[in-house]
Structures are given as C-alpha cells and as structure tokens.
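This report refers to the structure that appears directly beneath it.
The values are calculated or read from the model by the stated rules, or taken from the named source; none is laboratory data. Computed from a prediction, not measured in an experiment: that's the story for all the values here. Here the Cβ positions follow ideal geometry from the backbone for every residue, glycine too, while neighbour counts run over all protein chains shown. Remember, those area values only see protein heavy atoms, side chains included, never the ligands or the DNA or RNA. Shrake-Rupley method; radii C 1.70, N 1.55, O 1.52, S 1.80 Å.
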Amino acid sequence: MSDLATPLNGRRAVGYVTVSEDAPRGMISLRGDLSDGGIAEAVRAVTGANLPEPLGLTAGEAGQVAWMSPDELLLFVAPNQTTDALTGLRSRLEGVHHLALDVTDMRAAFRLEGRGVREVLAKVTPVDMQTLAPDTVRRTRLAQVAGAVWLSDEETAHVVCFSSVGTYVFDVLATSAAPGGEVGVF
Amino acid sequence: MLRLHCPNCGVDCDETELSAGGEAHLTRFGPGSEDDDFESYLFMRKNPKGVHFERWRHVMGCGKWFHAARNTVSLRVYGTYPAQVTAPPEALLAEIDAVEPGWRNKEEA
Amino acid sequence: MAHRLATGGRRIDRSRRLGFSFDGQSLEGVQGDTLASALMANGQVLMGRSFKYHRPRGPVTAGHEEPNALVGLGQGGRFEPNARATTTPLHEGLRAQSQNRWPSLKFDVGAVNAKLSRFLPAGFYYKTFLWPASFWHKVYEPIIRQSAGLGRPPEGSDADRYEHFYHHNDVTIVGGGVAGLARALSEAQDGKRVLLIDQDDRWGGRALTDGMRDGATIDGQSAETWVADAVARLETMENVTLRLNLQGTGVYDHGWMTAYERISDHRPGTEGPRHRLWKIRTGHIVTATGAIERPLAFAGNDLPGVMLASAMRDFLDDFGVAVGSKVVVVTNNDDAYRTALALHEAGVTVRAVVDARTSVTGALPGQVRDAGIEIVTGSGVKATGDQVVRSVELCAIGGDGTSKGRISCDAVAMSGGWSPVPHLWSHCGGKLLWDDARAFFYPDANRPPLGADGGAMVSAEGAAAGDLTLSALTQGPEEAPMRPVWIMPEKAGPELRTKMFLDYQNDVKVSDIQLAAREGFISVEHAKRYTTLGMATDQGKLSNINGLAVLADARGEPIPTVGTTTFRPPFTPISMGSIAGEARGEIFQPLRRTPIHAWHEENGADFEPVGQWRRPYCYLRPGEDRHSAVKREVLNVRSNVGLLDASTLGKIVVKGPDAGKFLDLVYTNMMSTLKVGRCRYGLMCSENGFLIDDGVVARLSEDSYLCHTTTGGADRIHAHLEEFLQTEWWDLQVYTANVTEQWAQIAVVGPNARKVLEKLGGMDLSKDALPFMAWAEGALAGIPARVFRISFSGELSYEVAVPANQGRALWDKLLEAGAEFDIQPYGTEGLHVLRAEKGFIMIGDESDGTVIPQDLGLNWAISKKKDDFIGKRGQERSHMTDPDRWRLVGLETLDGSVLPDGAYVVDEGENANGQRNMQGRVTSTYYSPTLDRGIAMALVRRGPERMGEVLEIPGTDGRSYKARICDPVFYDKEGVRQDV
Ligand SMILES: [Zn+2]
C-alpha cells in the first residue's frame, strides 16, 4: 500500500547510536483553544489520550498526543487510521473554531537507539539533553533546521522534522552518531 | 548569545532558536493616517543605550511571539511577557524602576 | 646544547620510543613528549623564523602562549600550519616542517629583512604603500601578499571530521589547577552541576611542578597527593563532569561559553572527530586559568635558547630535557630562582643568576647561594649569538648597557614576573585593576561581567585572580617583592632598543612602540594596530604588559592610565573545522528535496538552487546543452504537454470565522468574495506598499482558504501572516498552517494536458466540470487529489496536488499516461520563459522590494473597495503615485537579439557623479522559442505611455542594444489558449 511510503524509505545508519527512519505513523495537526473542553474530549475520543501539559506527551490506546504550542497539538495515530481520526475530530469539533489537518506526509521521523542517544542529540540541538525528561517534547533547532525531539526511554529518542530536509537531518544524526564520536559525559 | 524565557511554552530559549522582531509596542497607522504618524510607525525606531522593549519570536520552537524587556548595555533581562499587549506590565516597569531609577527620563531624552 | 637528561621527566615514558621527522630529518622522541621537547631532546632549539625579519627562533614557552615555535604539521588533507610545537603531542610518524624560511631553516634568504630592519619600522606598510594609487593593485598588493602570512595555507579539503557539543550546567570552571579543583569541590558539595575543564592533559597545573619542588603542602598533603585526592573525589560525584584537553576559549553573553576539545591530534587518522567545539550554557563561569610569565626586554632576548624561566624548568621537570648545558638566569623576582635550583639539581651548570634587584634576600635566592651559584645583583644583560644564544654581557640595570663582563652560555632563562590570565574574565566586559607592586593587571571583583540576572557572570580564582602564590592554600617559601623592569637596562640607547623584542611573533620591538608614541599613536588601541603589537596568533599573551609599560613610559603616564587593549576570543587559535562542526560536504547546509527529487536526479536534471530547494533548471538529453533543452521543453509545452514538479510552491491553509476578513487585510485584492471551489490570483505587500509575494488562493470551504505562495516565499509569508495574527490582529479568529510539504504538486501543461489526465481517470476534468480558475477534489488513478485549473504558462493547465508520499507515484503514472503524447518534464527555466512570453510577473525579477503592484500594471488586483490592507497606506504616499515612476513594459530588440540580464536603459545627460542618467532597467530577458526572438520585460519611466519608442540599452558586453517598448504580453494576448 503506497500509503505507507515514507520520505526516506526506511533508511538506517548504525553507529554508536542507531539512527533509523521511524515506522510510518499518521500525524494530525490540531489547532484550537486547548482550554476548551471540547478539544480535550475530541482528542480523547480519537486517541484515548488525555491532553498533555505544556511540552508534554500523552498516550492512549489509539494514539499519542504531543503538545506543540499553547494552541497546537500533534496527534500520532496508526497510519491507516489518519483519515478516520481526522473525520472524527472534525465532526466532534463542529462549531468549535479549530484547524485539523493531516500532516503525515510533510514530516520525516527518526528513531535513535542506544546508550548515547542523549549525547548524539546534544551535538545538534541547544536543548539541555542531559536533563530532558522522557516524554517531554522539545521543538528546537537541529543543526540548521527546525524539528522536535523527545525521549521515550533512556535509550530511545525520537526526532520529527520537515520531510524536505529529512535527508539532511538523517545525515546530520548519522554523522553525529558515527563511531569514535562518543563524548561520554552524560 | 542571549537566552530568553518564552512565556508561551516555558522554554529558556537559546538565541539561535529565536528571531528578533525589533521595537515593541508600536502603534499601527493605516489608511487615513497623517504622514508623520505613518512615517513614525514605519521607520522611526528607538535605539536606546539602556532599557529596551522588544519583540521576539520563538521561531525554532512554539512559533509564538513574545515581548522582552532588556538593558541593551548590561544585557540584563527584566522579563518577558505575552505579545498580545500594547504596553509593558506595570509590575515589570516597577521592577525596572527599582534597579535603574530614572530610566524613563533617559528614554524621553 | 639542548639535550635529554638521563633521568627525570614527569610526563614521559622513556620505554616507548616514537619516530618523527622535522624538515625531513628522522628523529626520535618518547611517549609523552611534545614536539618542542622532543626536538630539544635532539639538540634542536631553532624551530622557526620570525614573521617580519625572519630571525631564527626557538621556543620561549612550554605551553599555549608560545609565539615562536610554530610549525607546519602533517601532509595533504591533514596539513596544518602554525601549530605550536609546545602543545603538539608527539606521536609515531609525526611530520613537522619549519615555516617562514627559504631555502632552509638554517640558511634563510628572507633574513636579509633583519639587516634592513631599520628600514622596516612600525607603520612601514602604511607609509610605504600609500601612493600612487595606480600601484595598489599591480605592484603593492603582490608584494604584500608575498610577505603576508606565516605558515602556508593547507591545500585540498580537510581529511578530518569535527563536531559541536552543547553542554548545560550551573558552574563551569576553567582551569584544573589547585584553585580550580578547590572551587569545583566546594561548588559540587553545594549540589551544583559542575563542569571542570583544563586545556592540559593532566590535572594540577603548576602545583605538580613548582608545588612539589617547593615541598609545599595543601591541607597537610603534598601537592601531588592533594590533586590526586581532589580529582578522585570529584570523579565520584554525579553532578560533576571533569574533562581534560578542553580549553575554555571564549566567554559570551548570558553564560554562553565555547570550549575547544582536542580529541585526536595525537593519533591522526583514527576514527572519530579530530576536534570538538563545546557550546556551553552555564549559570556561572569561574576562570582559574592561572598566570603567564613575562619575558624581559633585553637586547637579543629573541635568540633561540632564551626562554621563560618557568618554561625551562617545565621542560626539565616534565620531559627531562635541558635547554642548554650552561645556563644564565636573568630575573627581577624570586620565582626564577626555582629554575636555577632545578637545573642545578639536574646537573646542568648554572653560570649565574643575574638579578635586576640590588638587594636579594629571599629564601629561594638563599638556597641558590647555598648551592654555590653566583648571584649578580643590580644588573641586566644583553644576549648575543647566532642561531642559538652564545653569551650574555652584563650591565648595570640603571645604566645605558655598558658592559661589565661577559658570561658564555648556551641558554638563558628569563623572568620578568607573572601576569594573571585575564582573558576569559575580560571577554564579556570584566574590568581589571593594576597592581603596582607586582606589576600586573588582575580582575576587579567589583566590576565583573554581568549576566542576564544582573549579577556577576564570571569570577576568578587563584592566580587568575591575582593570588600568584596560592598562599591561601599552600604552604611554600615566602617570596620577596619583585622589581618591575620594562627595559633592560633602563637607559638603553637606540642600538639596544631595536634588539629588544616585545612581540616575538610579529617582530615588534621596544623601539617600534616608542616610535609609534612619537608619531602620535598614543592610544593603546592605535599603537597596537600601528605596530601590530599583540596582533599575532598568540594575541600578545607575552607582549601585552611589557608593551603597555613601554608605551606608558613613552607617554610619561602610569600604566593603568594607558590601559589594556581588548581581550577577544578565542583564547588560542582554534581550527576552522571545529567552528564548522558537522556542517561540511553534503550537510554543509540543508538541502530541501521534493518527493520527486530522486526521479529528477536519475533523469538528467540540471539543478539550480531556489532558496534551499534544488529544482531542475532543465532536463538534459544526451548531446543537449541548457539552451537547446530549454527550447525543446518550452516548445513541447506549447504544442503538446509538459510536466512540472511544482511541489515547492508554498501552500498555507487559513481557516476560521474571520479567515476571509484576515485575507482581505493581507492581500491587496478581495478574497472574502471568492466562491468555494474557485481560485483567485492575489498579491501581498509589505506595510511599505511594496510587493512581497503573489499566488493563487483557492477557497476550500466557507471558512477556509488555501493560499499558494512563491517557492521561496512559503516560510516567510507564513511568518508574515502569523506575525500580524499574533501581534496586531489577535482578536481575529483565524488559524494558519504551512502545509507546503504535505502535498506534492505537479503541473500538467499544454494542449494535451486534459487528455493525459483523463487517461488516469477518476475525475471529470472537462471544461464545464472544471472551468479555468476552479478547483476540485477527488481521486486520480486512485490517488486522492486536488486539481487546480490555473495556468502560469498561458496554456491549458492543471496543477494536481496529492499527499507528498504519493507524489512520485502520480508522477510515474502521468509519464506513463503521457507517453503516447510524448509528454516531457520541464524545468524552472522553461517555466520562466513560458510565463515571460505571457507577460506574467515573477517575484524577485519584476519585483525587488522597491516595486509596488501599480508599477507592474496590476492595478486590477488592488481593491479600491477595502478600507485597509497591508500596504494600502504605504501606496498612498506621494512618491508612490508619482507618474514618473518606472513601470512595466515589454521590450523587443530591433534585431531580435536577447538583451543582457540586468541591463539599464540609459537617458540623456549625466548625473552629479558623471554617470549616464537612467530611465529604466531590464527585469527579465529570454530567448523565446515560441517566437524565435529575444523578449524582455523592463521597468521604464512612464513606460506604458511610451509604446513604440526605441530605447538605448548598453550591455556589459560593450554592445549597445536598441529595443522598442511594447506590450509585455508577447503571446496569445487574448488568453484563449488557457481557457479551452
Ligand atoms: Zn516558546
């Protein structure tokens, strides 16, 4: 199914941290007044997850929700559920001022695995990677482009960026994770 | 390399995550306005050696604009506050008064 | 002669021998050596030639402040010029070359400069190469270039890799001597996140050498034990990071610091980065960077073998290397007596200690006297020799240099006292105080650099703070006061003063500073630039204070009145590679790729950069050049059907109850009246009234619109919309989203476009179902799609947008379906030619940030009904409504040739500068394959009122072109082709 195409066709680089294109996920950008209970209800209905706190990431049985800005969320759902989730959101938010869009195809997503994930990311982002708590999402600068970074556990990190610069970000991460580059201070 | 607190997302931003937007609290003059007012809106900017109110956008982050009050010489940051106001908060002004008495007169001079 | 002693050498492992070469000669050193210690172990003190006079030079120091012993290291992609031999770790196979000499280090032709030195005084270049101006380019520049630079630049690309590393902490302590270690312990015990770094490869600083020599104790322990204990304790603490070989190079605003890590200089070619630049954001910076010894300004003080006293004992203690076998120590303080004692204990003959002080009573001199070494008081020296020092002549310190006798020697240890290292304190504005008794500047704790909270951002510890003896911590011998000596002897005449070097690397002498002062360069910053004092790669670490003192003396003012020059980062030169970090080669900068990029690459695309995107300029077929490829592509679109990857086109969704109202404010024309399912071309201006972007707006639903922007404009225009929404009209209920990359967009263009799309099936694309300037949503060949019937070429045209990840699939299907029509992709140049033939403007060609839509004849797209839109007030200014403004017209050359890009239309007469007056400029010019002639658009004064007039347009090729003003629409003026 061509739906599952990803910008980098599953590229992978093995260094002291393994960098690979993440499995396909549906992504929905939702903008609205997050204090409006209707938004929380609609989000819970399609993902099972509660609204995250600022910079937070929550998970439910049908997806994850990342806080992007005071009026923006990013929903992750199974790739074949994107259209349904979008339809679900839109119908539940009928009459509520909001913007819900499928943004799956405009993003590239990477997974970093290994004990050095924090320090590999610390080579490309000004975020304090030593103290970033798991499931805290930081939108930041990755070398020369914008992106989002979070850890799901101590040895797994996730990076999302625009698909047009997916190759650039992958190459930057793979270079940073190349053997011999271990810093060893975190 | 400045570090400013984004009041929108709570992140202490590295300057490289921000884009600068120049002087804050300008009043927009549109059609029908006097030439002098329009000129001042479009071109005339303060460049103080001292306390300055400015606009920043957390462009490599939450994407939101905010305001910052900063001394352009010492680089002391008095605070940051939301973009959706037309003047600095009173509490912030009082704090600046306490540290730099007389700065308002300097600003008018 | 310099040699390796039979025993000793704290840093070296004699059992591990390392082969290396210097100027092609094979030599041997041992593990732990620096290049400088290994060379001297082989008797080689001469290591380079000076910059200006090519004088023979050896190392003056044993560390990072070294000005003289600079060499070229490595070969090919790993060649590095100007490496300090004193900080270059020796490794097996190291290859070093001396610099700034020809044909060899020993016999150097350029040394004739030294003989001419009286003709090359301070400001020589400024004075000599002034007139005549006609000589600047052809005569002076080659001469200056020939003599500029020290080492030769590397050739080819750097074979190593580099990276950056961001580190956050509460306290960063620079310098891992006793002061830094003690501070780290106390900060760490307070629970702070501490980073302690040192540029050296061991902890302890001078305590390990001088502290051990003195038998000093810290907390009742020997220096060595205390340091080892402190490091061990710090290593167990979770909140402490310790790092060696990491130099604090720069302090910047708000606790930002850079530090330079040398990772693999000692094992070139191994896996991993060579250098790493740390970018540290810290709550507080502690500079515990110690002190640097000062040279003495006596004649001949630059001869190889003349060295700082501390450096000479470092070579002895650390590497077991004696710089000479008969040494004279020259000093104005007690500390240098440590060197005399060290040499003596190692069996090196100390011929004498020459002390500028008349009374020498301290404990250390006492030990020297007890060792039977002669102490000559109240005296100075001048050194003589050739490629190494041979002797010193003694003279009275207060006299004019009259000789009191000669002592033969092959090394001189000198000490003019010590200066705290104030660099990191000063980088961000920390102020200094002058200590008259000890003759140095030190950090003024009351005027530190300030941080974001208004508090002190940097503090100094230990010697860096001016506490040179560490007396608070250690129990060592008391030292008697020093006697400041700036010129030795004090009444030296011109003959001697021209041989007293202050700045070794730039060959600045006492006489140069005095000349600068006489010629009026009395400000320290002016004197620095006039003489180049302190402007070499060592940035005056040795010369600073001595130079200031000489300048102060020439001005007849105290030193603190003269002040210091500005200390700037980096502390020592750092590699360009470390600054670039990972940004090189493929990832030098982000390259944006469309979902169809790979196909373009595989099919002859000749790319051009458009912002950070790479777009095919044209697709070259075998045997084609750009011109013929573009011609083919354009003709194919006009007569058949072409395919364009338009994915880079900006796409911004604007949604909300106030979306229409908002778009009416940001576009010059009315968007709120657009019907759902229809498209409208729109213009955006800045508040200045100038055109900033254009594109087609499609109304998606009652409350949402899709705004197309130019390729380069998507991010900028999205930011522009958000800025007004967030900071000006925040009461409007509107959300925007930049969905440019969500969609791959493919333009199918030409008379056969509909036939190709109909073959894909799934949507009714007939003229009635989807008329010109309408859009529809559906599926094409099973791929969900939005089809816009818009045209930027004047032909029947559909722009098909599909989810980006299916863009390539659609492209392939279109090629397949179009095969029977000989469908061909076309590139950006074809796109430009097609639009120019139709007189469509291009942002960035017809607009340049000073052009308003009215200049371009786009008045039809400027609503007169609206009270306000961004730019409306700006366009009302008198200058914007001046009938003399340059306005858009077409130009056709009388002979059909193509006008040069960017050419100007000249007018009668000249301006005040004697230049021809202008009346317009060419904004776009192309060869039109459709018309088989040159076509152009231009902005010309009152242009549209001057149809048919012939203009003169000089080209940069020397030709003058004649072109007639015409309608900018060259092809299908009625616009029937796009509406079929
Ligand atoms: Zn923010």
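Could you list, in sequence order, all residues of segment C:552-572 that are buried (at least 17 other Cβ atoms within 10 Å of the Cβ) and out of contact with any Asp or Glu (no Cβ under 9 Å at 6 or more places or on another chain)?
Correct list: C:Ala552, C:Asp553, C:Ala554, C:Val562, C:Thr564, C:Phe567, C:Pro569, C:Pro570, C:Phe571.
Out of all the residues in segment A:69-84, which are more than 16 Å from the ligand (Cβ to nearest atom) and either open to solvent by 10 Å² or more (accessible area, probe 1.4 Å) or in contact with an Asp or Glu (Cβ under 7 Å, 6 or more places away or on another chain) (or both)?
Of segment A:69-84, the ones more than 16 Å from the ligand (Cβ to nearest atom) are A:75-84.
Those that are more than 16 Å from the ligand (Cβ to nearest atom) and either open to solvent by 10 Å² or more (accessible area, probe 1.4 Å) or in contact with an Asp or Glu (Cβ under 7 Å, 6 or more places away or on another chain) (or both): A:Ala78, A:Pro79, A:Asn80, A:Gln81, A:Thr82, A:Thr83, A:Asp84.
The rows are residues; the columns are (1) free of Cβ contacts under 8 Å to residues at least 12 places away in the same chain; (2) in a loop (DSSP other than H, G, I, E, B); (3) open to solvent by less than 50 Å² (accessible area, probe 1.4 Å).
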residue: C:Glu586; (1), (2), (3): yes, no, no
residue: C:Gln589; (1), (2), (3): no, yes, no
residue: C:His600; (1), (2), (3): no, no, yes
residue: C:Asp606; (1), (2), (3): no, no, yes
residue: C:Pro609; (1), (2), (3): yes, no, no
residue: C:Pro616; (1), (2), (3): no, no, yes
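For segment C:734-772, give me the residue count where each residue is assigned to a loop (DSSP other than H, G, I, E, B) and in contact with a helix residue (DSSP H, G or I) (Cβ under 6 Å, 6 or more places away or on another chain).
Filtering segment C:734-772 down to residues assigned to a loop (DSSP other than H, G, I, E, B) leaves C:734, C:739, C:750-752, C:761-772.
Those still in the list that are in contact with a helix residue (DSSP H, G or I) (Cβ under 6 Å, 6 or more places away or on another chain) too: C:734, C:750, C:752, C:765.
Total meeting the criteria: 4.
Out of segment B:12-34, which residues are of a type in the set (A, V, I, L, M), closer than 30 Å to A:Ala143 by Cβ and away from the ligand (no atom under 12 Å from the Cβ)? Show your work before the answer.
Of all residues in segment B:12-34, those of a type in the set (A, V, I, L, M) come to B:18, B:20, B:24, B:26.
Imposing the further condition that a residue be closer than 30 Å to A:Ala143 by Cβ reduces the set to B:18, B:20.
Within segment B:12-34, just B:Ala20 meets the criteria.
Considering every residue within segment A:85-104, establish whether at least one is away from the ligand (no atom under 16 Å from the Cβ), in a loop (DSSP other than H, G, I, E, B), without any contact (Cβ under 8 Å) to a residue 24 or more places away in the chain and hydrophobic (A, V, I, L, M, F, W, C). No, that holds for no residue.
Those strands (runs of 3 or more DSSP E) of segment C:867-980 in which at least 1 residues are under 44 Å from the mean Cα position of the chain (by Cα) and among the aliphatic types (A, V, I, L, M), considering only elements entirely within it, cover C:886-893, C:904-910, C:916-928, C:933-941, C:950-954. The residue that is nearest to the ligand (Cβ to nearest atom), among those in segment A:132-144 that are open to solvent by 10 Å² or more (accessible area, probe 1.4 Å), within 12 Å of chain B (Cβ to nearest Cβ) and over 30 Å from C:Ala646 (Cα atoms), is A:Arg138. Of the residues making up segment A:89-107, just one is open to solvent by less than 10 Å² (accessible area, probe 1.4 Å) and away from chain C (no Cβ under 12 Å), namely A:Leu89. B:His5 falls short on exactly one of the conditions (1) open to solvent by less than 60 Å² (accessible area, probe 1.4 Å); (2) out of contact with any Pro (no Cβ under 8 Å at 6 or more places or on another chain); (3) within 16 Å of the ligand (Cβ to nearest atom), and that condition is (1).
Beta carbons closer than 6 Å, at least 6 apart along the sequence or on distinct chains, pair a first residue in segment B:10-22 that is facing chain A (nearest Cβ under 8 Å) and surrounded by fewer than 17 Cβ atoms within 10 Å (Cβ to Cβ) with a second that is in a strand (DSSP E or B) and of a type outside the set (Asp, Glu) for B:Thr16/A:Arg141.
Within segment C:201-214, is there a residue that is open to solvent by less than 60 Å² (accessible area, probe 1.4 Å) and farther than 22 Å from C:Pro420 by Cβ? Among the residues of segment C:201-214, not one is open to solvent by less than 60 Å² (accessible area, probe 1.4 Å) and farther than 22 Å from C:Pro420 by Cβ, which makes the answer no.
Residue pairs whose Cβ atoms lie under 6 Å apart, sitting 6 or more positions apart in sequence or on different chains, and linking a residue in segment C:733-750 that is closer than 24 Å to A:Asp71 by Cα and more than 7 Å from chain A (Cβ to nearest Cβ) to a partner that is open to solvent by 20 Å² or more (accessible area, probe 1.4 Å) and in a loop (DSSP other than H, G, I, E, B), are C:Val734/C:Asp658. Considering segment B:60-76, the residues that are more than 15 Å from the ligand (Cβ to nearest atom) and at the interface with another protein chain (Cβ under 10 Å from one of its Cβ atoms) include one that is most open to solvent (accessible area, probe 1.4 Å), namely B:Val73.
Scanning segment B:77-93 for residues that are within 11 Å of chain C (Cβ to nearest Cβ) and surrounded by fewer than 17 Cβ atoms within 10 Å (Cβ to Cβ) yields a count of 4.
Which of the following residues is over 25 Å from the mean Cα position of the chain (by Cα), modelled with pLDDT of 90 or more and either buried (at least 21 other Cβ atoms within 10 Å of the Cβ) or not in a helix (DSSP H, G or I) (or both): C:Leu542, C:Leu533? Spell out the reasoning first.
Numbers: C:Leu533 fails: over 25 Å from the mean Cα position of the chain (by Cα).
The match here is C:Leu542.
Inside segment A:145-179, residues that are facing another protein chain (nearest Cβ under 7 Å) and assigned to a strand (DSSP E or B) make up a count of 3.
If you scan segment C:402-411, which residues turn out to be in a strand (DSSP E or B) and either out of contact with any helix residue (DSSP H, G or I) (no Cβ under 9 Å at 6 or more places or on another chain) or at positive phi (or both)? Please lay out each step first, then the result.
Step one: of segment C:402-411, the residues in a strand (DSSP E or B) are C:405-408, C:411.
Correct list: C:Gly405, C:Arg406, C:Ile407, C:Ser408.
Can you pull out every residue in segment C:67-112 that is at pLDDT below 95 and at positive phi? Residues satisfying the conditions are C:Gly74, C:Gly76, C:Asn82, C:Asn100.
Yes/no matrix, rows are residues, columns are (1) within 31 Å of the chain's Cα centre (by Cα); (2) over 26 Å from C:Arg977 (Cα atoms); (3) among the charged types (D, E, K, R):
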site	(1), (2), (3)
C:Glu608	yes, yes, yes
C:Gly611	yes, yes, no
C:Gly623	no, yes, no
C:Leu649	no, no, no
